[in-house]
């Protein structure tokens, strides 16, 4: 067997698998979401194989992927429902996996109808937030739980490159490359194919999930907005200041309302993830300006003017944002008086954590800026400094970690 194929099979998406294990048998619809090619189908396959290993009979597992040609005849929800129900007997437990279910007409009705069957444990995936649109969310209020899947974390990426023992070199590669599972596999066998692969993801998400779905005619303006936002990862932006920047010295103007819609489409397609601004002292969300983070830094190279090995501070922040997301909680960009806190994480148990991210604190000015923001916070919740410095120390009650150690722990 080819070495890269073996490595691909070995990389277990343990964070997500553990969530599926916990949800197994719960009276809830398990909704697995995320950008195309982030590994949702592979995750469901891995979980299906686990079920078989634990003794579930293959005939009690129904697995359908609606991107496959042989399932096209099932895209009417009533036809599909009848097909599933005729293989189900009342006295047995069945596990039903519906991959890219949004391709089924009136999939909401299908999901709702299957959920009423008490002997069916239901798992569905989809590549855009339409799956959890207000209509479906209203229909299934309190009856579903969502798992959002992203491309590889650094820990997963390191597993793919298990022969590379220099984690500093590997991390520098990680923040400049793509972490889509297939892109990582391609990079190990044929680097030149990676850009073509990323371009196909970009074209499909922008062309199909956004332009086609929302019937957009002016693709030029959409690409201008995307290029601007990709170059502004980790910076405070708003539709108004994007419009001001793009309309300067331009013949064709674009309104901040249009930009607002484009940003919403990019978030709903899981290309961008927002971090709203939170006033720590006033304990309120601020409506002006927020930050956006890019689901895969390799996509940045498709359109952005800032290329490889540039803007490393913001790329580092991007990596930390997604790791915090994987570890659970709501993530905000913090403000305390006139100072900024990179991340405020509201944990599910009502606890809170504060994070500052910097490439290095060797420069005294940077050190003072990062520490002084923490000094203004009067509560006793944990405060973390993440850098690429080699020391893990405690400074005035603030825990400083080497970011690579933190990512791998």
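The values are calculated or read from the model by the stated rules, or taken from the named source; none is laboratory data. Just so we're clear, the structure is a prediction, and the values are computed from it rather than from any experiment. Here Cβ is always computed from backbone atoms with ideal geometry, including for glycine, and neighbour counts include all displayed protein chains.
Structure notes:
- From 277, 327, residue being touching a strand residue (DSSP E or B) at 6+ places or on another chain (Cβ under 9 Å) and surrounded by fewer than 14 Cβ atoms within 10 Å (Cβ to Cβ): 327
- If you filter the stretch 264-287 down to residues that are free of Cβ contacts under 8 Å to residues at least 60 places away in the same chain and within 21 Å of the chain's Cα centre (by Cα), you find that the one that is farthest from residue 234 (Cα to Cα) is 265.
- Some residue of the stretch 87-100 being in contact with a helix residue (DSSP H, G or I) (Cβ under 6 Å, 6 or more places away or on another chain) and at pLDDT below 90: no
- Just so you know, in the stretch 178-198 the residues that are out of contact with any helix residue (DSSP H, G or I) (no Cβ under 6 Å at 6 or more places or on another chain) and surrounded by 14 or more Cβ atoms within 10 Å (Cβ to Cβ) include one that is modelled with the lowest pLDDT, and it is 195.
- Residue check for residue 243: farther than 19 Å from residue 297 by Cα, modelled with pLDDT of 95 or more and under 20 Å from the mean Cα position of the chain (by Cα): no
Listed here are the residues, each with its yes/no results for (1) assigned to a loop (DSSP other than H, G, I, E, B); (2) in contact (Cβ under 8 Å) with a residue 24 or more places away in the chain; (3) farther than 30 Å from residue 110 by Cα; (4) outside the structural domain of residue 28 (by TED's automatic domain parsing).
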site: 131; (1), (2), (3), (4): no, yes, no, no
site: 163; (1), (2), (3), (4): yes, no, yes, yes
site: 171; (1), (2), (3), (4): no, yes, yes, yes
site: 179; (1), (2), (3), (4): yes, yes, yes, yes
site: 182; (1), (2), (3), (4): no, yes, yes, yes
site: 188; (1), (2), (3), (4): no, yes, yes, yes
site: 193; (1), (2), (3), (4): no, no, yes, yes
site: 200; (1), (2), (3), (4): no, no, yes, yes
site: 210; (1), (2), (3), (4): no, yes, no, yes
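- Residue match in the stretch 1-12 (condition: over 28 Å from residue 322 (Cβ atoms) and surrounded by fewer than 14 Cβ atoms within 10 Å (Cβ to Cβ)): yes
- Search result, residues across the stretch 25-45 that are in a helix (DSSP H, G or I) and farther than 17 Å from residue 96 by Cβ: 42
- Any pair with Cβ under 9 angstrom, 6 or more apart, that starts in the stretch 394-409 at a residue that is in the same structural domain as residue 169 (by TED's automatic domain parsing) and ends at one that is surrounded by fewer than 12 Cβ atoms within 10 Å (Cβ to Cβ) and in a strand (DSSP E or B): 400/394
- Any chance residue 83 is farther than 24 Å from residue 158 by Cα, touching a helix residue (DSSP H, G or I) at 6+ places or on another chain (Cβ under 9 Å), free of Cβ contacts under 8 Å to residues at least 24 places away in the same chain and surrounded by fewer than 18 Cβ atoms within 10 Å (Cβ to Cβ): yes
- Restricting the first member to the stretch 372-384 and to residues that are assigned by TED's automatic domain parsing to the domain that holds residue 398, and the second to residues that are modelled with pLDDT under 90 and not in a loop (DSSP other than H, G, I, E, B), no beta-carbon pair is closer than 7 Å while six or more apart or on different chains.
- The set of residues from the stretch 295-314 being over 15 Å from residue 266 (Cβ atoms) and either at pLDDT below 85 or touching a strand residue (DSSP E or B) at 6+ places or on another chain (Cβ under 7 Å) (or both) comprises 305, 306, 307, 308, 309, 310, 311.
- For residue 292, the test of being at positive phi, touching a strand residue (DSSP E or B) at 6+ places or on another chain (Cβ under 8 Å), crowded, with 19+ Cβ neighbours inside 10 Å and not in a helix (DSSP H, G or I) is failed.
- Hey, residue 51 closer than 23 Å to residue 110 by Cβ, modelled with pLDDT of 95 or more, buried (at least 18 other Cβ atoms within 10 Å of the Cβ) and more than 20 Å from the chain's Cα centre (by Cα) or not: yes
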